[in-house]
Amino acid sequence: MTRYVIGRIGQALLVLWAAFTLSFILLQAMPGDAVLIKFLNPEFGLSADQVADIRAAYAVDSNIVVQYGNTLVNFLRGDFGYSLQAGVPVSAQLATNLPPTLRLAGLGFLAATLLAVFIAFLSSMAPFAWLRNAIQSLPSLFISVPVFWLAIMLIQIFSFRFRLVSVINPGPWESLVLPVATLAVPIAAPLAQILIRNIDEIRTRPFVAVARAKGASETRLLWRHVARNAILPTLTIAGVLFGELIAGAVVTETVFGLNGIGGLTEKAVGNQDLSVLQAVVVISAAAFVTINLAVDLAYPLLDPRLRNRSGAAA
Amino acid sequence: MTRYRTLIAFSLGLLATTTFATAGLAADAPAKGGTLVYLEQQAHTNLYPPAGGFYPNGGVLNQVTDKLTYQNPKTLEIEPWLATSWTVNDNATEYTFKLRPGVTFSDGTPVDAATVAKNFDTFGLGNKPLKQPVSEVVNNYDHSEVIDPLTVKFTFKKPSPGFLQGTSVIGSGIVSLSTLALPFEQLGDATKIIGSGPFVVKAETIGKSLDLTVREDYNWGPAKLEHQGRAYLDGINYIVTAEDSVRIGALLAGQADFIRQIQAYDEGQVEAQSFTIYAPGTRGVNNSIVFRPDNPLVSDIKVRKALSLAVNRDEILSTIFSKNYPKATSIIASTAIGYVAQEDKLGYDPEKAEALLDEAGFKLGADGIRAKDGQKLILTSYESLPQPQSRAVLQLIAQQWSKLGVKLNVLAGDAGSKVVDELDPLKTPVAVAMVGRADPDVVKSQYYPTNRNLLLQKGGVSDKVKTFSDDRLNAILDEIASQPDREKRLKAVADAQAYVLDQAYAVPIFEEPQAFAGAPYVKGVAFEAVGRPAFYSTWLDK
Amino acid sequence: MTSIDTFAHLTSTTAEASPRLGKRRGVLKTLRNFPYGLALAWLVLTLVLLWAIVPWIFTSYDPLQGTPGGQLKAPSALHLLGTDSLGRDLFARIVYGAVHSLSGAVAAVGVGLVVGSGIGLIAGSVRGRVDEVLMRLVDVLLSIPTLLLSLSIIILLGFGTLNAAIAVGATAIAGFARLMRSEVVRVRNAEFVEAAFGSGGTFGKVLWRHILPNSLTSVVAYTAVQFGWAILQISTLGFLGYGAPPPTPEWGLLIAEGRNYLATAWWLTAAPGLIVVAVVLSANRISQSIGRSAR
């Protein structure tokens, strides 16, 4: 077991390094560079010589291998450098942008899980087939609505028309209501689909019939099973969705005017702000490997059935 | 060198308030207090003062820093501010400023001759170890000299007649020594920008919001302004809200007081609720498209003339814009210094355009696109994100040109590709141009090869240009920049306008405003010449 | 690699969410249970496909040339879905945009399917070192934020419908690879495959005859889901300013650009939005039916 854990940690570090390197290559291959974008901007109105001076000061034209080495060493030392575009240390940007994104993501997941369980139950309780069908097609509907459109509609309706929540200068909880709802909808969809299927399967199992015959309430039975069955898929999805979540967050953040990693990434890509992007990649990759590691190690504990399989698959 | 002739126009609001006051409407006397919630479209970037040209930056720096001089937005005269008086020698190589006593930065340090000297040493020469670039406002700078604690003298290598006005722009905002001691990479943190202005940065969430608070002891506004003493507002709360519909919705729903960037199509719903649209002009080069004659497709003046004649300005304005967007009548705005109407050179005549293209040898092909010697007349331009509805304008021009058999590809691109491609005349024979500035120099900086080099002449930043260079144009531009005699200088500005249009280098479309919207109770909002807001005299009537 | 396998299993089964309602009912009731939804889904996709192939029989308007002065007109008999800010007929733009959106989505899914399934197939069949390396590579793809990945790819390749599709496809590779691998592993361990190996089949033959066809069903179901997802992703890229260049009437771009007119001309974003919802729903519905028929 210890060897397995050490091996997995080694793999995780390898993935981290590969993500760093791949993104470095990707960013270097882009046309133009951050200094060009920043200083050739007409707002500065600098002459060719002045731009050349600045390029020399930032050493953007130095050997790419040297640049890679420098960046890697600095990162290993925990020095993320400065954002050229924003003019602040990357660590300061991360400090202001990471917590809101984590909060949004965490609550988004929670809300998504609750929503999914709710839908799954509603569908199992529905007395008519047509109603059940309608409820069961909700998840499909959820994933077919563009997130930015949903966000804008939610604001228009709840903030501007009915004035229920404020988007500008909201209270700490008020500020999260609409963004969390926006984020939860697309994540809830696949979860709900899995749960609906699970409930359906459980119903056909003999023990349900037995329990029912003994007078147990079917609803209570389902609750217990669904609760247990909801944990695993949620965890699994949490493991893979982190990277995707940033993409989802950028939309929510842009529309709701929140600060966060998503918006930071989008701006940095546009300006080719290398140090910011490298930091984002490393953090997101670190989160990814950590969550996956945790999920992998926790899986057998949560589901005894998987104990043997885990050994076999690993 | 380009200069932002940025000036602080408190006059708008002041005029309004003083008129009312003299009419005896005591209810309209400015009230102190309140915080203005201001929604910005973009986050500010680096706040090194010479970077104040970027609108979000200027919007912040304008409230936080003071300048040596103040350019009256009505008369465009230079008036005292931090400098009470000044002298200039005859050939404009030596400037001596007397400073106002008792002025302090928000950290308590004095605004004295040494500090001002250090500011202009940095802006004029740059600071390589700290990576602070040169300001485009300060040209031919040599050195400074502290005569006494309140007298500072600047010396220039060559005549620099534009320097006096250059001291009045946002890019010449005076900051404390502690700010100038920071490396360029750290100047994006607004809390580190220590100025002597009417507001002080209290707190910032980088990329999201910024809190300014009033300086109670502020008592050194521009000397000739009606309003003296501290600003009326207690503070300003900047919030970055990128989404257009959210900014407008929030304003109309009462969640915000003032917003920047409102598109023409949204003006109706704002005015319908009796909110105010502010569309201050930018007094510079009009929103235009320019040609890069180094590209063989547009090297023939007949082709350029034809394309210019085929642009229907009225159609563009009536389809996309509103009354706040005046039609262009020259390459510079009608409110710009040295403007001369050129309407006779800016007609719309599709028949003549077709005849010119025929003459130039571009014949209609079977696919409906004109070609000459197998070269199809297919042009390309990038949209310009900061310009209002640039994408729509270009699409409409493409539509108008397509009737002649000319195809215009409109590209949306990332910043990197755009910067690189815009240096290559073969890739971008057409470009969108606009710059806000209240000085004749604007024309020179726009076209001169070693400045912005919009036409991509040989000798500029681009190494992709093969031959194109227009000595006659450059001679006129040189005259604008170096002629100390005002009348002769204005004559050169007139010549440049006529010449650029005679050569059909540029197709001006409209005079670009900066559009803002405010709640009805927001009074006394003022704008400097290129449309950046100044909230010194702003107050809330609620 | 429990989580990865389980994830793949889950993604494959998300497609088949609908319960087998009909099975517990009588024969008579099955008649009443004619899959109207499924029929409608096919109908929607057929119509949209026709738009893509022969757009001109659906509208007489030009999608690129507007009528200046006739901008922002509300839906009417003359303009079924109104006009946009340059006076172009919105219905014509949607109809002519079908080819861009559909080909974009097909290209995106194609990239994911071919590359991803290829990786998964090799990893799952060869196992061992190759499997480890390939799946760690997939991990790397998953660990880089998808947004960063797709925006970088677009910047590298340049703006355009196809390039946006490739960028979206690149982010789909990992999902396909994991699913394919887990399916291959599942099939490989099945008795009939063991038997095929036992009866002397070469690796390639067994792979081609037994493993591939048996693992494809859930991949096909997943593909249908991804098709709808790709349309949305391309739309989101348009929202972020990385969409097709104008005046391409790509649906995602129509929704993204129309959102600015939500308060003044709601139809500009509502109409293309509803079309996308209809297409994505249809794709999901069809995916479900594929998934179900596989069981």
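Tally the residues that are within 26 Å of C:SER215 (Cβ to Cβ) and surrounded by fewer than 23 Cβ atoms within 10 Å (Cβ to Cβ), restricting the search to the range C:142-190.
Residues meeting the conditions: 8.
Inspect all residues belonging to the range B:71-89 and state whether any of them is under 30 Å from A:SER83 (Cα atoms), surrounded by fewer than 21 Cβ atoms within 10 Å (Cβ to Cβ) and in contact (Cβ under 8 Å) with a residue 40 or more places away in the chain. Break it down into steps so the answer makes sense when it comes.
Step one: list which residues in the range B:71-89 are under 30 Å from A:SER83 (Cα atoms), which gives none.
For the range B:71-89, residues under 30 Å from A:SER83 (Cα atoms), surrounded by fewer than 21 Cβ atoms within 10 Å (Cβ to Cβ) and in contact (Cβ under 8 Å) with a residue 40 or more places away in the chain: absent.
Which residue is surrounded by the fewest Cβ atoms within 10 Å (Cβ to Cβ), if the candidates are limited to the range C:245-254 and must be farther than 22 Å from A:LYS267 by Cβ and either at pLDDT below 85 or within 9 Å of another protein chain (Cβ to nearest Cβ) (or both)? Steps first, answer last, please.
Within the range C:245-254, the first condition is being farther than 22 Å from A:LYS267 by Cβ, and the residues that meet it are C:246-251, C:254.
The next check asks that each one be either at pLDDT below 85 or within 9 Å of another protein chain (Cβ to nearest Cβ) (or both); those that pass are C:246-247.
Details: C:PRO246: 21, C:PRO247: 23.
Ranking the candidates gives C:PRO246 first.
Would you check if C:ILE153 is closer than 19 Å to C:ALA230 by Cα and without any contact (Cβ under 8 Å) to a residue 40 or more places away in the chain? Lay out the reasoning, then the answer.
Working: closer than 19 Å to C:ALA230 by Cα: yes; without any contact (Cβ under 8 Å) to a residue 40 or more places away in the chain: yes.
Yes, satisfied.
Look through B:LYS323, B:LYS345, B:LYS327 and report the one residue that is surrounded by fewer than 22 Cβ atoms within 10 Å (Cβ to Cβ) and at pLDDT 95 or above. First the steps, then the outcome.
Details: B:LYS323 fails: at pLDDT 95 or above; B:LYS345 fails: at pLDDT 95 or above.
Matching residue, one of B:LYS323, B:LYS345, B:LYS327: B:LYS327.
Please verify whether the range B:78-91 includes one or more residues that are touching a helix residue (DSSP H, G or I) at 6+ places or on another chain (Cβ under 8 Å), farther than 30 Å from A:GLY260 by Cα, part of a loop (DSSP other than H, G, I, E, B) and at pLDDT below 95. Steps first, answer last, please.
The initial filter retains those residues of the range B:78-91 that are touching a helix residue (DSSP H, G or I) at 6+ places or on another chain (Cβ under 8 Å), namely B:78, B:82, B:86, B:88.
This time we only want the ones that are farther than 30 Å from A:GLY260 by Cα, so: B:78, B:82, B:86, B:88.
Among the residues that remain, those that are also part of a loop (DSSP other than H, G, I, E, B) are: B:82.
Next cut, at pLDDT below 95 only: none.
Checked the range B:78-91: no residue is touching a helix residue (DSSP H, G or I) at 6+ places or on another chain (Cβ under 8 Å), farther than 30 Å from A:GLY260 by Cα, part of a loop (DSSP other than H, G, I, E, B) and at pLDDT below 95.
Which one is surrounded by the fewest Cβ atoms within 10 Å (Cβ to Cβ), of the residues in the range A:115-132 that are within 26 Å of C:GLY273 (Cα to Cα) and without any contact (Cβ under 8 Å) to a residue 12 or more places away in the chain?
Here the residue is A:TRP130.
Regarding the range B:160-169, can at least one residue be identified that is touching a residue at least 24 places away in the same chain (Cβ under 8 Å) and either closer than 20 Å to A:LEU84 by Cα or of a type in the set (D, E, K, R) (or both)?
no
So, in the range B:349-374, how many residues would count as being buried (at least 16 other Cβ atoms within 10 Å of the Cβ), under 11 Å from B:LEU404 (Cβ atoms) and without any contact (Cβ under 8 Å) to a residue 40 or more places away in the chain?
2
Among the residues of the range B:368-424, count how many are more than 18 Å from B:LYS302 (Cα to Cα), not hydroxyl-bearing (Ser, Thr, Tyr) and not in a helix (DSSP H, G or I).
Residues that pass the stated criteria total 17.
How many residues does the range A:158-184 contain that are crowded, with 23+ Cβ neighbours inside 10 Å, within 14 Å of chain C (Cβ to nearest Cβ) and closer than 18 Å to B:ALA256 by Cβ?
Total meeting the criteria: 1.
Tell me, please, whether a residue that is within 14 Å of chain A (Cβ to nearest Cβ) and farther than 22 Å from B:ASP314 by Cα can be found in the range B:369-379.
No, there is no match, as no residue in the range B:369-379 is within 14 Å of chain A (Cβ to nearest Cβ) and farther than 22 Å from B:ASP314 by Cα.
If the requirement is being within 14 Å of chain A (Cβ to nearest Cβ) and aliphatic (A, V, I, L, M), which of these qualifies: C:LEU86, C:LEU102, C:LEU156, C:LEU121?
Of C:LEU86, C:LEU102, C:LEU156, C:LEU121, the one residue that is within 14 Å of chain A (Cβ to nearest Cβ) and aliphatic (A, V, I, L, M) is C:LEU156.
If you scan the range A:124-138, which residues turn out to be touching a helix residue (DSSP H, G or I) at 6+ places or on another chain (Cβ under 6 Å), within 22 Å of C:ALA224 (Cβ to Cβ) and at pLDDT below 85?
Listed by number, the list holds a single entry, A:GLN136.
So, C:ARG188, is that one touching a residue at least 12 places away in the same chain (Cβ under 8 Å), more than 10 Å from chain A (Cβ to nearest Cβ) and farther than 28 Å from A:THR252 by Cα or not?
On the way: touching a residue at least 12 places away in the same chain (Cβ under 8 Å): yes; more than 10 Å from chain A (Cβ to nearest Cβ): yes; farther than 28 Å from A:THR252 by Cα: yes.
Taking the combined requirement at face value, the residue satisfies it.
So is B:ILE301 away from chain C (no Cβ under 14 Å), farther than 30 Å from B:LEU76 by Cβ and β-branched (Val, Ile, Thr) or not?
Yes, satisfied.
For C:PHE192, state whether it is under 17 Å from C:ALA108 (Cα atoms) and not basic (Lys, Arg).
no
If you check B:GLU243, B:GLU267, which single one turns out to be within 20 Å of B:ARG391 (Cβ to Cβ) and at the interface with chain A (Cβ under 10 Å from one of its Cβ atoms)?
Matching residue, one of B:GLU243, B:GLU267: B:GLU243.
Hey, among A:ILE187, A:ILE155, A:ILE135, A:ILE202, which residue is of a type in the set (Val, Ile, Thr), within 9 Å of another protein chain (Cβ to nearest Cβ) and either assigned to a helix (DSSP H, G or I) or buried (at least 20 other Cβ atoms within 10 Å of the Cβ) (or both)?
A:ILE155
Output the qualifying pairs, or none if there are none: Cβ atoms under 7 angstrom, residues six or more apart or on different chains, first residue in the range B:391-413 and assigned by the TED database to the domain that holds B:LYS302 and touching a residue at least 40 places away in the same chain (Cβ under 8 Å), second residue assigned to a loop (DSSP other than H, G, I, E, B) and of a type in the set (Ser, Thr, Tyr).
So the pair list comes out as B:ALA392/C:SER85.
Condition check ((1) under 13 Å from the mean Cα position of the chain (by Cα); (2) at pLDDT below 65; (3) more than 14 Å from chain B (Cβ to nearest Cβ)) across all residues:
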position	(1), (2), (3)
A:ALA216	no, no, yes
A:HIS225	no, no, yes
A:PRO233	no, yes, yes
A:VAL251	yes, no, no
A:ALA268	no, no, no
A:LEU277	no, no, no
A:ARG305	no, yes, yes
A:ALA314	no, yes, yes
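Filter the helices (runs of 4 or more DSSP H) completely within the range A:1-94 down to those with at least 3 residues that are more than 10 Å from chain B (Cβ to nearest Cβ).
On the way: elements: A:2-28, A:34-39, A:48-58, A:64-76.
Counting at least 3 such residues, we get A:2-28, A:64-76.
Determine which single condition A:SER166 fails, assuming it passes every other condition in (1) modelled with pLDDT of 85 or more; (2) assigned to a helix (DSSP H, G or I).
(2)
Within the range B:451-472, does at least one residue satisfy the condition of being assigned to a helix (DSSP H, G or I) and more than 18 Å from the chain's Cα centre (by Cα)?
yes
Touching a strand residue (DSSP E or B) at 6+ places or on another chain (Cβ under 7 Å) and β-branched (Val, Ile, Thr): is that true of B:VAL134 in this structure?
It is false that B:VAL134 is touching a strand residue (DSSP E or B) at 6+ places or on another chain (Cβ under 7 Å) and β-branched (Val, Ile, Thr).
Considering B:ASP211, B:ASP148, B:ASP217, which residue is more than 20 Å from B:VAL111 (Cα to Cα) and at pLDDT 90 or above?
Only one candidate qualifies: B:ASP211.
Out of the range C:115-131, which residues are farther than 17 Å from C:ARG188 by Cα and more than 27 Å from the chain's Cα centre (by Cα)?
C:ARG129
Check whether at least one residue in the range B:157-175 is among the hydroxyl-bearing types (Ser, Thr, Tyr), surrounded by fewer than 23 Cβ atoms within 10 Å (Cβ to Cβ) and at pLDDT 85 or above, and report yes or no.
Checking the range B:157-175: not a single residue is among the hydroxyl-bearing types (Ser, Thr, Tyr), surrounded by fewer than 23 Cβ atoms within 10 Å (Cβ to Cβ) and at pLDDT 85 or above.
Using beta carbons and a limit of 8 Å, which pairs, at least six apart or on different chains, have the first residue in the range B:113-126 and among the hydrophobic types (A, V, I, L, M, F, W, C) and the second one in a helix (DSSP H, G or I)?
B:PHE120/B:SER172; B:PHE123/B:PRO49; B:PHE123/B:PRO50; B:PHE123/B:GLY171; B:PHE123/B:SER172
The values are calculated or read from the model by the stated rules, or taken from the named source; none is laboratory data. Keep in mind the model is a prediction, meaning the values are calculated, not measured. Positions of Cβ are generated from backbone atoms using ideal geometry, with glycine treated the same way; all protein chains shown enter the neighbour counts.
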